1. Can you list, bin by bin at 20 Å, the percent of alpha carbon pairs in the chain, starting at 0?
2. Where the centre of each part is set by its Cα atoms, how far does the stretch 281-356 sit from the stretch 197-228, in angstrom?
3. For the chain, give the percent of accessible area contributed by carbon and sulfur heavy atoms, probe 1.4 Å, rounded to a whole number.
4. What percent do you get for the relative contact order of the stretch 149-288 when only Cα pairs under 8 Å and 6+ apart count?
5. Would you work out if the stretch 205-356 is rounded, prolate or oblate? Take a ≥ b ≥ c from the square roots of the eigenvalues of the alpha-carbon gyration tensor; rounded if a/c is under 1.5, else prolate when a/b is larger than b/c, oblate otherwise.
6. For the chain, take the longest principal axis of its alpha carbons; what is the angle in degrees between that and the long axis of helix 34-51, to the nearest 10 within 0 to 90?
7. When only Cα pairs under 8 Å and 6 or more residues apart are kept, what is the percent relative contact order across the stretch 63-139?
8. Given a Förster distance of 51 angstrom, what is the FRET efficiency for SER245 paired with ALA84, based on the Cβ-Cβ distance and rounded to 0.05?
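The values are calculated or read from the model by the stated rules, or taken from the named source; none is laboratory data. Keep in mind it's a predicted model, so treat the numbers as computed, not measured. We place every Cβ from the backbone using ideal geometry, glycine too, and count neighbours over all the protein chains shown. These accessible areas exclude ligands, DNA and RNA; they are computed on the full protein's heavy atoms, side chains included. Shrake-Rupley method; radii C 1.70, N 1.55, O 1.52, S 1.80 Å.
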Amino acid sequence: MNLRKLILASLSILLLTVSCRRDDDQTIVPDRDRQEVYDENIMEIEEYLSTHFYNYDEFDAANPYSLANDQFELVFGAIEGGNADKTPLMDQVIEKTVTQDGIDYKLYILKVREGLNKDVHGLDNAAVSYRGTLSDDTSFDSAVTPVLFPLTSVGSQGGVVTGFREGLTEFKTADGFTQSTDGSVVYHNHGIGAVFIPSGLAYFSVSPNADIPQYAPIFFTFNVVSRSNTDYDLDGIPSHLEDLSMTGDGLDDNTDGDLLVNFIDNDDDGDGVLTRDEVEKKAYTENGGASFTTEAEAQSYFDTNAAADEIFVSINLESNGIYTLNTVIVPNTNNTDSPDLPDYLDDTVTNDLSED
């Protein structure tokens, strides 16, 4: 049983428990057929894409990574009246297929610009400014200041809807920012775009608030500002690196074949030695006696000095204003039989570094 099945099983038990507490007189309405809802949703989305445009005239497509474009605000409008000659969104979006609940969902993504810095993985945290709307352009949520989201739901971590996550992972982060004297911040060279999501990859029948009807497709415009590692099982390995097959969700990577996929398994190879004891955490605060006073200095140190078996984890700002670079050394001592398999994934190697 994989993680998604575990989550769905737990949710089913919870819903059954809640339902049993209701008065006997109250009728429970079953969910509509998912394929039927999807067929309706995709028609509604494609109708919107065919009759709306975005304000591309305000975006310098010839110089997408210009300073002016860093402050571009993506807005949709109807193709009518003075805008009758505008290019419809349908001619500018790309398609992405996402399989969930036995249905191949079509996700439409508008890439105004991809971004220049770091890729975003489905197991990351991502900082995003965004606006969520319905097909009648009603707004149901927004954040002008970037909000940090865990993109995948694990335990008490809420995550985001699948369609939003799958849209964000098509973009890259900002490579810097400028802060004005009034405190406002402008991010540079970040991903700018939108995603159009059928309800089966969103909230389906369980709306989070009254602003989103049941079975409604939802749209998001967004700016992807930054990403950071997660480590859901606290084993020292960033969760996105435990997605060995690089499918984006890590749910088909289970090295030891137990009930836990790697990114929530603290002993990935099942050899009895915890993963965190088969790797070595490192922390650096200075380069040649000089403390890291900026995040860029710490990143540069890693880029220049990291060992071949050393993995970047994070850069943290301490209370004294100094930055700490955190990494992890991942040994591979069985180079003959398993040259591509690090110790924490190789059950024939049981070196417990915590005993050193």
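1. For the chain, the binned pair fractions read 25, 51, 23, 1 percent.
2. 37 Å
3. Details: 8950 of 18550 Å².
Heavy-atom surface of the chain belonging to carbon and sulfur, 1.4 Å probe: 48 percent.
4. Details: 197 pairs, mean separation 21.1, N = 140.
It rounds to 15 percent for the stretch 149-288.
5. Working: a/c = 2.45, a/b = 1.18, b/c = 2.08.
Note, shape of the stretch 205-356 comes out oblate.
6. 70 degrees
7. Here the relative contact order equals 16 percent.
8. Numbers: r = 47 Å, r/R0 = 0.93.
Taking R0 as 51 Å, the efficiency between SER245 and ALA84 is 0.60.
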